[in-house]
C-alpha cells in the first residue's frame, strides 16, 4: 500500500516517471489498486502514455485474478467505450455474479434501454435491478419502481419508491410526490404531493412552488397571467421531444411563474418578475423573446407549435 500511496503523491506532483516506478513496485507486490491504476493509464492514455485499451484490460484482468471484483466492471466499461455491448454485458455479468452491485444496475440499464446486440427487455432489466435492490441499493429500488411506472402499474411503482424513500433517498421522495401531483395510482392530492416534494429537498424545489400555486388556485378559483407568460406557456420549441409527462405538467400553467418546454431534456419555469428562466435545478438564465424566436445562452429557439 505504501508504494501505491507514493505513486499517487508523485502523480499529484506531476512527476510521472517516479509515479510509474511506484505503481510498478506496488503492482509487483500484488496491490490491485495499482493494477487498476495502470489499467486506467493505458485505457485513457494518461500522462503521455499511448492509449491502448487492450493493454488496459490486461491490467484490469490481473487485478480481477487477485480477487478485485471491481476490476471486472472496469473491463466491462472499457468495452462500453468501444460500443461492444455484448462483451460489456459478459463482463458485467461476471462482476454481478460475484456480488458487485453497480454491475447489476448496469445490466438493468442495458436491458431497460436496449443496445446493439442486446434486445430491450423490461423484465430482465427488473430482474437485475431487483438483485441490486436485495443488496440494499436504494437507487436500484427506485429503478425497480420506474419499470413499473413505465408499465403504468403505479401502485407497484409507489411500493418501490417508498422502499427507497424510507431509506432517505430524495429522488424516490420526488417520484412519490409526482404520483400524488398527477393522481397516478392514488387520489390526486396537492397537499400530499407538496409534503413529499418538501421531503425531497433541493431536488424538488421547483415542484414545491408549482404545487403551492395549484393549492392557491384551488382555494381562490383565480389565476394570474401576463403577456410574456402567455407567449411561453404551452409552447413547443424546435428540438423538443413529445414527452407526455412534461406536456401535462406544462398545460394551463399561466400564472406568475409559467412553463415552457425547451431543448431536448429540460423545461424551465418563467419568472415574469425579473425576466429569467429557471431550470429544474434552480439555475436562472436570462432570455429574450422576439416574435417566434426565444434567445437564451446565445442559442436561438424557433416556436414550433402549441399543444
When only residues in region 95-135 that are outside any helix (DSSP H, G or I) and free of Cβ contacts under 8 Å to residues at least 12 places away in the same chain count, which is nearest to residue 161 (Cα to Cα)? 121
Looking for something under 24 Å from the mean Cα position of the chain (by Cα) and in a loop (DSSP other than H, G, I, E, B) - is there at least one such residue anywhere in region 48-71? no
Do we find that residue 116 is surrounded by fewer than 22 Cβ atoms within 10 Å (Cβ to Cβ), more than 24 Å from residue 182 (Cα to Cα) and under 18 Å from the mean Cα position of the chain (by Cα) in this structure? no
For residue 182, state whether it is under 17 Å from residue 200 (Cβ atoms) and modelled with pLDDT under 95. yes
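The values are calculated or read from the model by the stated rules, or taken from the named source; none is laboratory data. Quantities reported herein were computed from a predicted structural model and do not represent experimental measurements. No Cβ is skipped: glycine too gets one built from the backbone with ideal geometry, and neighbour counts run over all protein chains shown.
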